[in-house]
Amino acid sequence: MAKQKITMTIDEKVFAAFKDFCKRRAMKVSSKVELMMRKFVEGEDGPKEAEKGAGKSASKSTPKSVEKSEEKGAEKELEGER
């Protein structure tokens, strides 16, 4: 599948926390964003749930318990940055 470059404007504190989050988990920022976008458009949680949890991620190879733990950790990190 071909990739497309995009430009986004994101709050610098949010991006810094997200970038650090990805680095600690040895993942590319672009890959994590793509996974979150894919989850949203595939409607894994349904449109309303995906909008509420836009900062959450999913991977078919990641156990749900690990996902939930990572999501809570990321949310706390981002709240601490504000």
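Within the span defined as the stretch 6-23, every residue fails to be at pLDDT below 95, within 12 Å of the chain's Cα centre (by Cα) and in a helix (DSSP H, G or I). Looking only at the stretch 1-24, residues that are of a type in the set (A, V, I, L, M) and either within 15 Å of Leu35 (Cα to Cα) or exposed (fewer than 12 other Cβ atoms within 10 Å of the Cβ) (or both) come to 5 in all.
The values are calculated or read from the model by the stated rules, or taken from the named source; none is laboratory data. None of these values were measured; they are calculated from a predicted model. Using ideal geometry, Cβ is built from the backbone for each residue, glycine included, and neighbour counts are taken over all protein chains shown.
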